[in-house]
Amino acid sequence: MKALHVPAPAVLLLLSTIACFAANAENGHRIAQRWCAACHLISPNQRKGTTDAPPFSAVARKPGFSAGRVALFLLAPHPKMPDMNLSRAEAADLAAYIATQR
């Protein structure tokens, strides 16, 4: 039997997509309220955010949006964002919540 060769990026994308299917958007909303709402508009009814951070609805509507890619982005600290030290499941939950804001 011949082995199937699948490129590593394709495997990573598949695994991150599968993880997002199991994600809990409700928990992601709680995480967003705790960590993100001070800077981002995390929901349509939020009135206050900053102009430096895009609203979650804008993030979710970006061409090529992928909850899996957002989850991976959230796992690495970024200069303008606090190090939230999220677990993989929490990052997937938060990304799943962002996806609901389309």
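Derivation of every value follows stated rules applied to the coordinates shown; laboratory data play no part. Computed from a predicted model, the values in this text were never measured in an experiment. Neighbour counts are summed over all protein chains in view; Cβ atoms, including those assigned to glycine, are modelled from backbone coordinates with ideal geometry.
Answer rounded, prolate or oblate for the range 25-99, using the Cα gyration tensor with square roots of eigenvalues a ≥ b ≥ c: rounded when a/c is under 1.5, else prolate when a/b is larger than b/c, else oblate. Don't skip to the end; give the middle numbers.
Details: a/c = 1.31, a/b = 1.20, b/c = 1.09.
Judged from the Cα gyration tensor, the range 25-99 comes out rounded (a/c under 1.5).
Could I have the simple spin-label model distance between Arg34 and Arg102, label points 7 Å from Cα toward Cβ, reported in nm to one decimal?
Here the answer is 2.7 nm between the modelled labels.
Give me Glu26, Glu90 sorted ascending by neighbouring Cβ count inside 10 Å, so fewest comes first.
On the way: Glu26 12, Glu90 21.
By the 10 Å Cβ count, ascending, the order reads Glu26, Glu90.
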